[in-house]
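Colleague: Next up is a structure, given as structure tokens.
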Amino acid sequence: MDKIQKTEEESFDKTQDEWKKILSPEEYKVLREKGTEPPFVGKYVNMHEDGAYHCRACGAPLFSSDTKFDSGTGWPSFYDLMHNGAVELKEDDSLGMPASPSLGGKRTEVNCARCGSHLGHLFDDGPEDKGGKRYCINSCSLNFKSAPAETPEKK
Ligand SMILES: [Zn+2]
């Protein structure tokens, strides 16, 4: 039997040039080179609309506006994922986004589970009543899609 071939849609094993065609230079730097956008400039830092935040590179749904909170860090922050397994976590010792001093500089990198693109970092200083996690995500790694206006169905 031949190996099951990945469909076009599932394959995110793109070359540098292919990614550069899809992403802006800023997005490429963050998503593919693990860059970090400056704090307080990202377009989703102060976004409060209802909707879902998708991976900018592959469109996978990652975070819901329901779990977004104001962390004061200057980056969009979420205390939970939209779906378990939406991201892959990886220990990260490199410099970039400042870790909270209480964590001794230890950071966990957050990557899209579907396409492997870098999204941001996970810290343990999120809201305690919500589990204490803080997904600190670059705005340019995300693509916000507002929720369709829900019409509550009454029975
Ligand atoms: Zn992705």
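Colleague: Please verify whether region 15-30 includes one or more residues that are at pLDDT below 95, more than 17 Å from the chain's Cα centre (by Cα), assigned to a loop (DSSP other than H, G, I, E, B) and farther than 22 Å from residue 77 by Cβ.
Modeller: Within region 15-30 (the criterion being at pLDDT below 95, more than 17 Å from the chain's Cα centre (by Cα), assigned to a loop (DSSP other than H, G, I, E, B) and farther than 22 Å from residue 77 by Cβ), the answer is yes, since at least one residue qualifies.
Colleague: From 97, 82, grab the single residue that is among the aliphatic types (A, V, I, L, M) and at pLDDT below 95. Please lay out each step first, then the result.
Modeller: On the way: 82 fails: at pLDDT below 95.
Every option except 97 fails the conditions.
Colleague: Please identify the pairs in which a residue from region 112-136 that is open to solvent by 10 Å² or more (accessible area, probe 1.4 Å) has its Cβ atom under 6 Å from the Cβ atom of a residue that is near the ligand (Cβ under 10 Å from one of its atoms) and assigned to a loop (DSSP other than H, G, I, E, B), counting only partners at least 6 apart or on another chain.
Modeller: Close Cβ pairs satisfying both conditions: 113/86; 114/58; 114/60; 115/12; 115/57; 115/58.
Colleague: Another question about this same structure. Within region 100-141, count every residue that is at pLDDT 95 or above and of a type in the set (S, T, N, Q).
Modeller: Residues in region 100-141 being at pLDDT 95 or above and of a type in the set (S, T, N, Q): 5 in total.
Colleague: Going through region 46-61 one residue at a time, which ones are within 13 Å of the ligand (Cβ to nearest atom), more than 11 Å from the chain's Cα centre (by Cα) and free of Cβ contacts under 8 Å to residues at least 40 places away in the same chain?
Modeller: Hits for region 46-61: nothing passes.
Colleague: With the requirement that a residue be out of contact with any Ser or Thr (no Cβ under 6 Å at 6 or more places or on another chain) and either crowded, with 20+ Cβ neighbours inside 10 Å or of a type in the set (S, T, N, Q) (or both), what does region 59-75 give you?
Modeller: 62, 63, 64, 65, 67, 68, 73, 75
Colleague: Working only within region 76-89, note down all residues that are open to solvent by 20 Å² or more (accessible area, probe 1.4 Å) and of a type in the set (S, T, N, Q). Even if it seems obvious, please write down each step before you answer.
Modeller: Narrowing region 76-89 to residues open to solvent by 20 Å² or more (accessible area, probe 1.4 Å): 79-85, 88-89.
Within region 76-89, just 84 meets the criteria.
The values are calculated or read from the model by the stated rules, or taken from the named source; none is laboratory data. In this text, all values refer to a predicted model and were calculated from it rather than measured experimentally. Virtual Cβ from ideal backbone geometry, glycine too; neighbours counted across all protein chains shown. We work out accessible area using only protein heavy atoms, side chains counted, and drop any ligands, DNA or RNA first. Shrake-Rupley method; radii C 1.70, N 1.55, O 1.52, S 1.80 Å.
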